[in-house]
Amino acid sequence: MPLVLVSGYPSSGKTTRAIQLKAFFESKIANSPTDARVARLKVHHINDQTLGLSRHVYHTAKAEKDARAEEYSAVKRVLSRDDIVIADGLNYIKGFRYQLYCEAKAVQTPSCVVHIGTPIQKCREINEKLLEDCAVDGGYEKADFENLIFRYEEPNGMTRWDSPLFTVLDEDETPPFDKIWEALVGSDGKVKLVRPNQATVLKPATEQNYLYELDKTTSDILAQIMTYQKDHAGEGGGAVVVADVESQIELPASQMTLPQLQRIRRQFITMNRQHSFSKARMREIFVDYLNDQFRR
């Protein structure tokens, strides 16, 4: 199940490019009747509109978080070896792209990121025109638009979760179809295999052991944060390094209290109680979750 993550500024033309990709994939599949593996492929296009989400979900942090969770669940539901999924959302948080990358890797399938490189001013002009058209729900409120632009984390092809990265400029008539197909499916219809690693393939573990490790790992990370803040009292901000995790914890300007951190930790445990992450992956995902919460 190749996964295509479309990312870009609001009103940058992501859905237009996603529809172009969907049409190309469907044409490629229809023209390969003799290749049984390719002929079985189905294409899914998932975005706010297909999920029935309004642009107003980006007006509050909770509604946006719920919308992001809905996109994540929708993508995960159709993960299979016989589907191509085009995740056409803002996908502007690198931690969220990393989560979807891990889901694709867990089922041993390729993924790529298509970055829509429309300039900010052009996006702003498009958004204003969409807001003027009351017949469509295509524009973002001005405050929400500027906030999303400010928070956008541009994909970086040097990181494994944003690679391979294809950038589509505003003046490009179409995305690089053949290169994307080659990256996802391979030559002559031969499906590319992704080798799992420790972060995505788990050893069998009992539910009791998993919950114990989840509780202990998250508690240890909170203890590191509290120790760092105690050692840097009055400074605000800072970065906490967690062993075996590539990303650092980027602390907010105002110091976090233990009750605040415990609340975030309880939310994380509740959300992931039914999953079975390896200990290394627990740390990575909890660090990403903390950074996401701290940016709110």
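Read-outs throughout are calculated quantities, based only on the coordinates presented, and are distinct from any laboratory measurement. Nothing here was measured: the structure is a model prediction, and the numbers come from that model. Cβ placement follows ideal geometry from the backbone for every residue including glycine, while neighbour counts extend to all protein chains displayed.
Just check the range 207-294 against the gyration tensor rule for me: Cα atoms, a ≥ b ≥ c as the square roots of the eigenvalues, rounded for a/c under 1.5, and otherwise prolate or oblate depending on whether a/b exceeds b/c.
On the way: a/c = 2.11, a/b = 1.78, b/c = 1.18.
It is prolate, given that a/c is not under 1.5 and a/b is the larger ratio.
What's the center-to-center distance, using Cα atoms, between the range 46-95 and the range 207-239 in Å?
29 Å
Over 20 Å between Cα atoms, which of K76/K142; K94/K216; K14/K179 qualify? Numbers along the way, then the final one.
On the way: K76/K142 32 Å; K94/K216 26 Å; K14/K179 18 Å.
Violating the 20 Å Cα-Cα cut-off are K76/K142; K94/K216.
First check a/c for the chain, with a ≥ b ≥ c the square roots of the eigenvalues of its C-alpha gyration tensor; if it is under 1.5, answer rounded, and if not, answer prolate when a/b is larger than b/c or oblate otherwise.
Values: a/c = 2.11, a/b = 1.29, b/c = 1.64.
Cα axes put the chain in the oblate bin.
Quick one: net charge around F268, please, counting Lys, Arg +1 and Asp, Glu -1 for every other residue with C-beta under 11 Å from its C-beta.
Numbers: positive: R263, R265, R266, R273; negative: D215, D288, D292.
Local net charge: +1.
Expressed as a whole number of Å, what is the distance separating the alpha-carbon centroids of the range 1-35 and the range 251-270?
Computed from Cα coordinates, the inter-centre distance equals 39 Å.
With unit charges on the beta carbon (Lys/Arg positive, Asp/Glu negative), name the residue among T34, A239, S219 whose Cα is farthest towards the positive pole of the charge dipole of the chain.
The one lying farthest along the dipole's positive direction is S219.
Return the calculated 222 nm mean residue ellipticity for the chain, to the nearest 500 deg cm²/dmol, obtained by summing -39500 (n - 2.57) across DSSP H runs with n ≥ 4 and dividing by the residue count. Write out the running numbers ahead of the final one.
On the way: 10 runs with 137 residues, N = 296.
Per the formula, -15000 deg cm²/dmol.
V168's amide H: which non-local residues (gap 5+, or another chain) put their own amide H closer than 5 Å, with H modeled 1.01 Å from N in plane and none for Pro or chain starts?
HN-HN under 5 Å from V168: H115, I116, G117.
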